[in-house]
Amino acid sequence: MVIVRSILLFLLAAFAEIGGAWLIWQGVRENRGLVWIGAGVIALLFPWLYLRGAERQTIRLYLEGPATGIFGDFSLALEQQGLRGSSEAGEQLVYWRAIYRISQTPDHAFIYLNPAVAIIIPRAKILSGPFEQFMHEIQSRAPQSNA
């Protein structure tokens, strides 16, 4: 469902950008007036406005409290079946086959469950063992993540 939603939002954003440019073109080049230009500007701004709204909602959620399970303390353990995450909100098991992609920066690791959802691991928060060993173990258990 998340993938379908992402595809639909991508198509809507593409349509808004192309349609917005076309509306502005019609307003200026074909002398259709300010209404067409205004509609084009609004359509062009739609993807940006949507992104800012999602960002504001995330910040508001963070500022309202501990947002248990989203922000805050979270432990991650490697198990035979997958990654077991636990927080104050409860536990979850992410099976190895469910890992979409793994990437790293100098400060973080990102274990993607789909193109829009990831478990973010700060390098400095690995409490036992070296970070590289931890990441190597994850990559060896989820080989399809590097395809």
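The values are calculated or read from the model by the stated rules, or taken from the named source; none is laboratory data. Please read these numbers as outputs of a predicted model, since none were measured by experiment. So basically every Cβ, Gly included, is an ideal-geometry build from the backbone, and we count neighbours across all protein chains shown.
Remarks
- Positions within the stretch 103-129 being of a type outside the set (Val, Ile, Thr), part of a loop (DSSP other than H, G, I, E, B) and under 14 Å from Ala77 (Cα atoms), in sequence order: Leu127, Ser128, Gly129
- Condition check for Thr105: outside the structural domain of Phe10 (by TED's automatic domain parsing), at pLDDT below 85 and hydroxyl-bearing (Ser, Thr, Tyr): no
- With respect to the conditions (1) assigned to a helix (DSSP H, G or I); (2) modelled with pLDDT of 85 or more, Asn31 lacks only one, and its number is (1).
- All positions within the stretch 88-102 that are out of contact with any Phe, Trp or Tyr (no Cβ under 6 Å at 6 or more places or on another chain) and in a loop (DSSP other than H, G, I, E, B): Glu88, Ala89, Ile99
- Scanning the stretch 66-81 turns up one or more residues that are modelled with pLDDT under 80, within 27 Å of Ile7 (Cα to Cα), in contact with a Gly (Cβ under 9 Å, 6 or more places away or on another chain) and not aliphatic (A, V, I, L, M).
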